1. Quick one: Cα convex hull volume of the stretch 212-315, Å³ per residue?
2. Taking amide H positions as placed 1.01 Å from N in the peptide plane, with prolines and chain starts having none, which residues 5 or more places from Leu74, or on another chain, fall under 5 Å of its amide H?
3. Between 0 and 90 degrees, rounded to the nearest ten: what's the tilt of helix 77-95 against the longest Cα principal axis of the chain?
4. Sort Val228, Val149 from largest to smallest accessible area, using a 1.4 Å probe on the heavy atoms of the protein chains.
5. Most mobile of Met317, Met88, Met50 per a Gaussian network model of the chain (Cα springs, under 10 Å)?
6. Gap in Å between the Cα centre of the stretch 96-145 and the Cα centre of the stretch 26-54?
7. What Rg and what Dmax come out for the stretch 61-215 when only alpha-carbon atoms are used, in angstroms?
8. What relative contact order, as a whole-number percentage, does the chain give when Cα pairs under 8 Å and 6 or more residues apart are counted?
Amino acid sequence: MEFLNAFISLSNFMLIPALAYGSQLALGALGITLIYSILRFAHFAHGDTMALGTAAVIGGTFALQGAGISIAPLPTALLAIPLGVVAMVIYLLAADRLVYRYYRRVRAKPMIFVMASLGVMFVTNGITRLFMGVGETRFEDGARFVFSVRDFREFTGLAEGLALRNAQAITIITALVVMVALFWFLNRTRAGKSMRAYSDNEDLALLSGINPERVVTITWVITGILLVLAGTLYGLDKGFRAFNYFQLLLPMFAAAILGGLGNPLGAIVGAYVVALAEMGVTFAWRRVASYLLPDGIEPSGMVQLLPVDYKFAVTFMILVIVLLFRPTGIFKGKVL
């Protein structure tokens with residue numbers, strides 16, 4: 001029974017939050033992988049464009065709430081996601097037409113694209129802060145829990161409790177559905193096969209009659225959908241603050257690189273590894289250890305390797321280790 005209580009405590013405070021966080025990172029890392037595979041550059045504006053798309057969803061959410069429209073017990077933000085997707089796709093396509101298309105025509109080196117994406121990042125960040133400010137915005141409504149700690153204790157009779165928040169459940173389910181849909185699209189549809197062919201060999205794809213601009217447009221559309229979903233789910237789970245989305249750039253890139261840049265499955269696996277590493281290293285193991293260790297030798301400290309403020313340091317260490325010892329990632333950087 002003590003072991004079961006230890007597992008429940010671990011699940012409540014580390015495993016479930018890590019699973020939700022990993023799902024959010026996975027959606028973002030998939031966008032990075034798509035852009036790298038097809039457009040062949042590292043999209044450094046990824047975090048800030050995610051913030052802008054989420055800001056559009058928040059605006060739509062507040063408008064719906066003001067009109068008295070809701071889907072309780074689910075969050076109203078789910079109804080505003082299509083608005084955010086439309087706004088995000090328009091913005092990404094505009095950025096592509098105004099910035100990236102020129103560099104594709106002149107066949108600029110990848111570093112030029114990276115520098116251009118940094119410029120887009122600064123502009124996007126400014127637009128987001130102009131409308132949303134720098135403070136925190138909470139937009140979650142509806143029921144807060146699928147089941148609470150009290151409900152779990154009454155049902156199981158265990159001393160330790162477990163809670164599952166609505167935002168966590170929605171995040172995990174949505175991420176699973178989106179991942180399956182994306183893999184189906186890439187492997188079963190004509191547009192998806194065109195994207196894979198273009199990613200594998202651009203010149204051969206052009207000779208086969210594939211329209212490169214259509215492939216680029218589809219890539220940005222899919223990326224926009226992934227960004228809005230990831231950003232909205234992250235905001236529902238942890239609240240919206242523009243700077244937090246900029247900080248997500250590091251773990252999303254670390255996930256994509258760890259799994260193997262250009263490999264969607266690798267991006268997903270890498271995201272969950274990064275999330276579990278961040279949560280595991282900064283988790284206070286005292287409560288779990290107190291259940292597992294014999295009486296009289298329970299730890300007096302927090303049993304925490306690093307404070308929570310250093311969670312991105314964990315991601316950075318993972319990134320450095322991967323680049324030093326396995327730069328191709330877990331799945332060797334296969335293309336789509």
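1. 128 Å³
2. Ala143
3. 30 degrees
4. Val149, Val228
5. Ranking Met317, Met88, Met50 by mean-square fluctuation puts Met317 first.
6. What the calculation gives is 9 Å, centre to centre.
7. 22.1, 68
8. Answer for the chain is 31 percent.
The values are calculated or read from the model by the stated rules, or taken from the named source; none is laboratory data. Given the structure is predicted, the values throughout are model-derived calculations rather than measurements. To get the accessible areas, we keep the full protein, side chains included, count just its heavy atoms, and leave off ligands, DNA and RNA. Shrake-Rupley method; radii C 1.70, N 1.55, O 1.52, S 1.80 Å.
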